[in-house]
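A quick write-up on the structure given underneath.
The values are calculated or read from the model by the stated rules, or taken from the named source; none is laboratory data. This is a predicted model, so every value here is computed, not measured. Note: ideal-geometry Cβ built from the backbone for every residue, glycine included; neighbour counts use all protein chains shown.
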């Protein structure tokens, strides 16, 4: 994973295409496609029903437009909703049986999967287009009762857990893209940490889009039972193509009493070229529910890719004394657009939330923070602190801050603050006159700007996140 | 089914237009009458916005689509009544409107005053309205206004007296509707202190839909006090649009304590280099009152500065919304913008919404904003208690202090005292209801 | 005047900080309570003033009002102030929007009413303020400023003493009033305290160092360690602590 992010080439290093024979469903979506996806994954009936209900509702909806982003209408009938390497059709029993070409792809992405090279401290589920290629370290985890597998596998092996939790945080009718995902979701990861277990290693999913004209609709569900804890990391890349590809995922997190879930994302989907051609539309619904008392959900995201990012990892603070956190660095360059932030919904008593958002906009990009802090009438003693800072690099970009505070309880203490700054020539010159080269100077300034977020990432990721930002900024500054 | 974004207004609005066109035919040009019709068509086309429209997210005005209003007729107004109205001072240059109609007999225009007052009907071509998105009520005002005035100060003048424009809205058994329209133009390097006050007579409902357009020519300075103290049954929708040219300066006090529903949209365009605007706002709501303070500052040219401090005090089941947008255009280098909204909740049933927004398209700027919602500080309450002040008195003192922080910024001590008096009455009224 | 018996207290839901304090303060006396950081000095002062963050877990405190011992712990914070108790805060609180005059007059009149003294009118109060301002070396502009807002550290401490001068308490508790003061402010504040001391009132000084004790000679010195008074004596005890340190007291105790 380290190398995957520590990429100093000016070009997007992950822009290559893996040459494998791919099976794709015909373009377009209808009930038959939904049924075919479910059948291909050998899902239990209730899942098919779940998908069909979502699909029927979705058909009646129109796409939302409220985000501060611009893009031509998406033709939802011009997308392949399922694509998988043919070699995965016979469901390899272990990673040893997986097509070496696929394994080589993940090697190249810096996520080696085979036993002798794989990362020791992280269990990885590798998702390639619509299927999971394999999951490492499953044996060690199983000993502790931790379930970590692809969503498809979970649907077959643990249908009762899926049935119990799926769609309970993000209902299929939550919004247009949630409904679409609920109808056609392909693969993703399922994590279950039983009562009292502290997951000993980080769990990670690596998402790779490879096939052209294909949407990726992954689904991730993480459940931490009473007193359990887990740290989960996701990473993502895609080839460079002139077309825009849709990635519409759902992530649901559920934390019971005293449980804690830390979810970190390093998102580096292809963001399009300097003229805004190509790149991924990253329209994702991520939401966690602090179901239990004293539970905690923490989102950290480093958003450095995608032509358009439109997502708000959120926390519903239902349990008394529960804690929600959102730490974000969003960098946009070229013509990228991001409208991202969070929602903190305070319902239980004595709940608290923290929002730290750092937006960096460069070139001709547009970077917006949008966030909601809502305190419901019964949420006594709610606390929120939000800080949303923007940095502008270059004079053609935009940095916007759209916070919403809706406070319906007198005992709440809610504070929001935001600032806008830039890397000025004067600052660079000052640092350079003290012996730093321009790259080091920028790194220092950006690091300083983002340090409150980086320090919440698992150590190896924070190092890589810094490098990733430096690389992206290098073209934009000076 | 999703709720619609707008509702078609009731037919009585069209009746009112017919009546206005008929009444105005003798005194207005064909062009002016056509402009009214065009504005009305825009209003009907847009309809009354529902809360699905972002600008109306926190304020529900849909009942205005259905409720039937009678056009306001000016009730007989005496000089005695006027002198007793809030912010009235005999030495001021006073312009009185009764239910939207100018009352020269009650106004005071001192001999030799530099202020020019032009009735709007006699203007060959009223200043073209700045198009306002998401606000069909401006179009409604431009279609249905009965009377209005342009106040103009010639270049480099400073009136000897303060100017006070008093809008008195008489209420009657049938809810009345008025559309006050006022234009103010400060010439180059002119300086003025102007207070705009909206007040009701009687305790029945009225709906006033006011527009105010202000232009500050280069180097002009305006000290503006906008006060809304309608009775608790009424609705006030005010749309104020201010355009500032080079090096002009504005200080505005935006004070709202009345109305069942009040929304004041205050837009400032810093259209010339080096212009600066400073907005202070205070809203106080109780019972089931709702207030919406809507500000928009457009930094269009380099080296402009803006500062906003809006504070709100909410009691009982009242609701309030602050929406403030600071927009920095691509060419506006050297912009310095600060915005702060603070809300104090005195009751567990009050609801405060705050939406401070920054849209920045230039990297050479210094912009900050902040928002807070909370109750009185425990430590401050203890500090006062430790000096012998009982909890009720301490709460009262701290709430007033919270408001005073805004009022302190009024340089005119008499105006400060005026607003302070309204503030005191509001708090006293509140004490009556709680004891 | 003040009797503290086996007083135990903690921060709400926190560990116990005061572990059984015994102390008697009589009219005309000046007491100093000294102790290292974390010994519970500031907790003692706050508990006596009725700070909401603390809860009493045991013991009793009586305060003499009209020659009758009353249960201090049963009184609200403002009732204690009206009964003649005054806490000079270690960190005086900023009160935006409320001017010093408004604040002081409200407090003064509340205390007057509680003690059966007729309140004074605005003009007489102004005269009283002007007189007391001189005591702490502040000018008139101070009066219209919001309470403690944008005051320097020294100004805040002087403001506490001014309030004490106006409210004329029978028992003044000075919580580390000498900390964070420059030499001039320390002298002004100390002189102020000294002048306010009479045979009818008492002073309880809470301090870490004996800086203020160079100006004011206490009648009694108590050393507080780990939530208990481990040693009491006259002013020479303070000097001994200064030269030999708190470890010496611990060893000696």
Could you figure out which of (1) buried (at least 22 other Cβ atoms within 10 Å of the Cβ); (2) without any contact (Cβ under 8 Å) to a residue 40 or more places away in the chain; (3) out of contact with any helix residue (DSSP H, G or I) (no Cβ under 7 Å at 6 or more places or on another chain) isn't true of residue C:73? (1)
Given (1) free of Cβ contacts under 8 Å to residues at least 40 places away in the same chain; (2) part of a strand (DSSP E or B); (3) farther than 18 Å from residue B:179 by Cβ, where does residue B:253 come up short, assuming only one miss? (1)
Sole exception among (1) away from every other protein chain (no Cβ under 14 Å); (2) part of a loop (DSSP other than H, G, I, E, B); (3) within 25 Å of the chain's Cα centre (by Cα); (4) at pLDDT below 90 for residue A:65, by number: (1)
Subset of the stretch B:388-431, residues assigned to a loop (DSSP other than H, G, I, E, B) and more than 13 Å from chain C (Cβ to nearest Cβ), comes to B:410, B:411, B:412
Which members of the stretch A:376-409 meet the condition of being more than 23 Å from residue A:421 (Cα to Cα) and facing chain B (nearest Cβ under 8 Å)? A:377, A:405, A:406, A:407, A:408, A:409
What's the total number of residues in the stretch B:223-249 that are surrounded by fewer than 24 Cβ atoms within 10 Å (Cβ to Cβ), outside any loop (DSSP other than H, G, I, E, B) and over 15 Å from the mean Cα position of the chain (by Cα)? 2
Of the candidates A:183, A:142, the one satisfying the condition of being crowded, with 24+ Cβ neighbours inside 10 Å and in a helix (DSSP H, G or I) is A:183
Every residue from the stretch C:143-156 that is away from chain B (no Cβ under 14 Å) and part of a loop (DSSP other than H, G, I, E, B): C:152
Residue identified as over 14 Å from the mean Cα position of the chain (by Cα), modelled with pLDDT of 95 or more and surrounded by fewer than 24 Cβ atoms within 10 Å (Cβ to Cβ) among A:262, A:318: A:318
Residue A:436 versus (1) more than 26 Å from residue B:359 (Cα to Cα); (2) surrounded by fewer than 17 Cβ atoms within 10 Å (Cβ to Cβ); (3) within 8 Å of chain B (Cβ to nearest Cβ): which is the lone unmet condition? (3)
Just wondering, is there one or more residues in the stretch B:365-374 that are crowded, with 20+ Cβ neighbours inside 10 Å and either within 12 Å of chain C (Cβ to nearest Cβ) or not in a strand (DSSP E or B) (or both)? no
Please determine whether any residue of the stretch A:385-404 is in contact with a strand residue (DSSP E or B) (Cβ under 6 Å, 6 or more places away or on another chain), at pLDDT 95 or above and closer than 11 Å to residue A:346 by Cβ. no
Looking only at residues that are in a loop (DSSP other than H, G, I, E, B) and at the interface with another protein chain (Cβ under 7 Å from one of its Cβ atoms) in the stretch B:375-387, which one is nearest to the chain's Cα centre (by Cα)? B:375
For the stretch C:226-245, state whether one or more residues are surrounded by fewer than 21 Cβ atoms within 10 Å (Cβ to Cβ), modelled with pLDDT under 90 and part of a loop (DSSP other than H, G, I, E, B). yes
Any idea how many residues of the stretch C:157-196 are free of Cβ contacts under 8 Å to residues at least 40 places away in the same chain, under 27 Å from residue C:109 (Cβ atoms) and not in a helix (DSSP H, G or I)? 1
Restricting attention to the stretch A:126-139, does a residue exist that is over 19 Å from residue A:82 (Cα atoms) and either modelled with pLDDT of 95 or more or assigned to a helix (DSSP H, G or I) (or both)? yes
Is there a residue being closer than 28 Å to residue B:340 by Cα and touching a strand residue (DSSP E or B) at 6+ places or on another chain (Cβ under 7 Å) anywhere in the stretch A:451-464? yes
First in the stretch A:446-457 and in contact (Cβ under 8 Å) with a residue 60 or more places away in the chain, second anywhere and assigned to a loop (DSSP other than H, G, I, E, B), Cβ under 8 Å, 6 or more apart: A:446/A:423
Take residue C:82 and decide whether it is facing another protein chain (nearest Cβ under 8 Å) and under 18 Å from residue C:170 (Cβ atoms). yes
Residues that are farther than 30 Å from residue B:406 by Cβ and in contact with a strand residue (DSSP E or B) (Cβ under 8 Å, 6 or more places away or on another chain), at least 1 per element: which strands (runs of 3 or more DSSP E) completely within the stretch C:53-142 meet that? C:54-65, C:68-71, C:85-88
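So that you can scan it fast, the table gives a plain yes or no per residue for (1) within 23 Å of residue B:240 (Cβ to Cβ); (2) within 7 Å of chain A (Cβ to nearest Cβ):
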{"site": "B:294", "(1), (2)": "yes, no"}
{"site": "B:307", "(1), (2)": "yes, no"}
{"site": "B:316", "(1), (2)": "no, no"}
{"site": "B:326", "(1), (2)": "yes, no"}
{"site": "B:335", "(1), (2)": "yes, no"}
{"site": "B:340", "(1), (2)": "yes, no"}
{"site": "B:361", "(1), (2)": "no, yes"}
Among the residues that make up the stretch A:417-430, is at least one of them surrounded by 22 or more Cβ atoms within 10 Å (Cβ to Cβ), within 14 Å of chain B (Cβ to nearest Cβ) and within 27 Å of residue B:353 (Cβ to Cβ)? yes
Within the stretch A:280-294, can you find the residues that are in contact (Cβ under 8 Å) with a residue 60 or more places away in the chain and more than 18 Å from the chain's Cα centre (by Cα)? A:290, A:292
Number of the condition not met by residue C:43 [criteria: (1) within 14 Å of chain B (Cβ to nearest Cβ); (2) within 15 Å of the chain's Cα centre (by Cα)]: (1)
Please verify whether residue A:230 is touching a residue at least 24 places away in the same chain (Cβ under 8 Å), in contact with a helix residue (DSSP H, G or I) (Cβ under 8 Å, 6 or more places away or on another chain) and outside any loop (DSSP other than H, G, I, E, B), treating the condition exactly as stated. no
